[in-house]
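For reference, the structure is listed below as structure tokens.
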Amino acid sequence: MKYDLVFEGGGAKGMVFVGAMQVFESLGHTPGRLLGTSAGAITAALLAAGYSSPEMLEALAEKKDGRSVFSDFLGAPQEFDKAAIRTSATRALLRNINLPLIPDRFEDVLDDRLVVEGQDQGRGFDIAEVPDPRQDECLLKTSGRGLFLVRCFADELKVKSGNNGGATVLITKLYSNNSGSKSSKEKQS
């Protein structure tokens, strides 16, 4: 029997779709239309390209230097150079917002940093105890990937535990403040 299949995301947990497909195929079923997000989109694309579950399982078993190739799945991204940051869409957005009641020299300081604050309403966590998600034993865990990426891209990361559980996460990205500032543009005119 043919079924339309939808695969959700889930990072490295997407590997479990291969096992689900093995059972699905063993029952004599075949996929119809396919849809997926994130890791599920990879599974859907492989099925659409004609891969069987044994072929996908073989790909998952691939090793490099004795380690799963998926252990490098979350490799540290390359750093952005100053020119890329200076010409980024986020930087342009910040530069083009004019706060009329704030003098340009103060606004330049605001434009040179992006600060995001988030609230964790769970039981909270100690950032020092969050393991590196690239370690083999952590590949299938559901936590740690977001903090890993934040650590790669942010200039500052602060986590404060709440009194009644939960935590406040403060992420800061600093931008170069000496090129393209509103006050320097005014001086050039």
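The values are calculated or read from the model by the stated rules, or taken from the named source; none is laboratory data. All figures in this text were calculated on a predicted structure; none of them were measured in a lab. Backbone-built Cβ (ideal geometry, glycine too); neighbour counts: all protein chains shown. Heads up: the accessible areas ignore ligands, DNA and RNA and are worked out on the full protein's heavy atoms, side chains in. Shrake-Rupley method; radii C 1.70, N 1.55, O 1.52, S 1.80 Å.
Key figures
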item	result
Straight-distance crosslink candidates among aspartates and glutamates, where the alpha carbon sits under 19 Å from K158 and sequence neighbours closer than 8 are dropped	D112, E117, D120, D126, E129, D132
Amide H within-cut-off set for G162, under 5 Å, with H built and near neighbours excluded	A167, T168
Sequence-distant residues sharing a close amide H with R113 (under 5 Å, placed H)	Y175
With DNA, RNA and ligands ignored, accessible area of L35 (1.4 Å probe; Å², nearest 10)	110
Equivalent ellipsoid, segment 1-140 (semi-axes from 5 times Cα gyration tensor eigenvalues, Å)	43, 20, 17
Extended-chain gain in nm, criterion 0.36 nm per residue less alpha-carbon gap, E117 and F24	29.2 nm
Residue-by-residue Karplus 3J(HN,Hα) for segment 30-35, coefficients 6.51, -1.76, 1.60, Hz, glycine and proline x	10, x, x, 6, 10, 9
With all protein chains modelled, accessible area of R86 [1.4 Å, Å²]	100
Gain upon complete extension [E129, S68; 0.36 nm per residue less C-alpha separation]	19.6 nm
Computed accessible area, I171, all protein chains, 1.4 angstrom probe, square angstrom	40
Paramagnetic label zone (point 7 Å from Cα along Cα-to-C-beta, S161; backbone N under 14 Å) in segment 117-140	122-130
